1. Among Gly74, Ser54, Met95, flag the residue with its Cα farthest along the positive direction of the charge dipole of segment 54-100, charges on Cβ as +1 for Lys/Arg and -1 for Asp/Glu.
2. Which one, Gly63, Gly48, Gly75, has the greatest fluctuation when you compute a Gaussian network model over the chain with C-alpha springs under 10 angstrom?
3. Work out the length of the dipole vector of the chain about its Cα centre, built from +1 on the beta-carbon of each Lys and Arg and -1 on the beta-carbon of each Asp and Glu, and round it to the nearest 20 debye.
4. Quick one: Karplus J couplings for segment 19-29, per residue in order, coefficients 6.51, -1.76, 1.60, θ = phi - 60°, nearest Hz, x for Gly and Pro?
5. Out of (1) 1.37; (2) 1.84; (3) 0.91, which label holds the value of Rg/Rh (Cα atoms, Kirkwood Rh) that was computed here?
6. Rounded to the nearest percent, how much of the accessible area of segment 1-54 (1.4 Å probe, protein heavy atoms only) is carbon and sulfur?
7. Of all GluC sites (Glu not before Pro) in segment 5-100, which ones are in loop regions per DSSP and have a Cβ with at most 13 other Cβ atoms within 10 Å?
8. Quick one: accessible surface of Leu43, probe radius 1.4 Å, all protein chains present, in square angstrom to the nearest 10.
Amino acid sequence: MQSFISGGQGPATNYAVAADASVDELKAAIENVEFIPSSLFHLTSSRGTLNAGSLTGAGVSDGDQLTMVFEITGGMRAKWRKKRMRRLRRKRRKMRKRAR
């Protein structure tokens, strides 16, 4: 079975895997070619996210295009967020005092 994987830079890449292959085997094949650890991305199709099990069980057929989505953790450090909220609260209080 051939699957086209898009994501990252450039055009979609073609990967040939067995028809009864699991999602983890496909992720390992991608890891061998792209040198991106399989723990950092997950695959999605038009039917949803592919988590575990076989590709045919997930509804992936020959020639389907899958998208590689990267796991990115973000957000502010908790300490910075707390300081920012305090600063904004103080600023609002001052503005309310001025309005009286």
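1. Towards the positive end, the residue furthest out is Met95.
2. The residue with the greatest mean-square fluctuation here is Gly75.
3. Values: 20 positive and 8 negative charges, 713 e Å.
Once rounded to the nearest 20, the dipole reads 3420 debye.
4. Coupling constants for segment 19-29: 5, 9, 6, 8, 5, 5, 5, 5, 5, 5, 5 Hz.
5. Correct label, based on the coordinates given: (1).
6. 50
7. Values: sites: Glu25, Glu31, Glu34, Glu71; in loops: Glu71.
Here the GluC sites (Glu not before Pro) that fit, given the DSSP loop and packing criteria, are Glu71.
8. Probe radius 1.4 Å; accessible area of Leu43 about 0 Å².
The values are calculated or read from the model by the stated rules, or taken from the named source; none is laboratory data. Keep in mind the model is a prediction, meaning the values are calculated, not measured. Methodologically, a virtual Cβ is constructed for each residue, glycine included, from the backbone with ideal geometry; neighbour enumeration extends over all protein chains shown. These accessible areas exclude ligands, DNA and RNA; they are computed on the full protein's heavy atoms, side chains included. Shrake-Rupley method; radii C 1.70, N 1.55, O 1.52, S 1.80 Å.
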